[in-house]
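Here's the structure, in C-alpha cells; my notes come after.
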Amino acid sequence: MKLFRKRKKGYSFADDLIASDTVISLISGGIGLIIIIVVLTISVMKDGKAPDCAGTLLLIAGILGINGLFFAATSYKQESGNTNTKRLSMILSVGVLLLLAALWII
C-alpha cells in the first residue's frame, strides 16, 4: 500500500497558467488602482485639500492604466495562459481608466 498516490492531472490547454503580458498588465493595473485609492483617501482625510503631488500621482496612475491596457491587448495574441486572467487584466486596466475619467469629470 502506497502512502502517496500519484493523481492524474486534468486537461491542460496551455503550458503556462498566466501569460507574461498578463502579469505585466495585472501589476500595472493594480498599482494604478492602489495609487488612485491612496490619493482619494488622503484627499478625504484632509477635507478636499489634496497635496500638490496628488495630480502627479494620478497622472502616473493614468500612464499605468494605459500601459496595462496595452499589455492586456497584446496578451490575447499569446497562446499561453488562460482567458480568465487575460479578461481580468483587461477589465482592471479599463476600470482604472474609467475611474480616472470619472474623477476628471467630477
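Every read-out reported here was derived from the displayed coordinates using simple, explicitly stated rules and does not represent laboratory data. Nothing here was measured: the structure is a model prediction, and the numbers come from that model. So basically every Cβ, Gly included, is an ideal-geometry build from the backbone, and we count neighbours across all protein chains shown.
Here are the numbers:
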item: Alpha-carbon centroids, segment 48-68 and segment 16-37: separation in whole Å; result: 16
item: Simple spin-label estimate for Ile34 and Tyr76 in nanometres, 7 Å along Cα-Cβ; result: 2.8
item: Cβ charges +1 (Lys, Arg) and -1 (Asp, Glu), total dipole of segment 27-106, debye; result: 140
item: Segment Arg87-Val23, length gained on full extension (0.36 nm per residue, minus Cα span); result: 21.8 nm
item: Whole-Hz couplings from phi, Karplus 6.51/-1.76/1.60, listed for segment 54-63; x for Gly and Pro; result: 5, x, 5, 5, 5, 5, 5, 5, x, 5
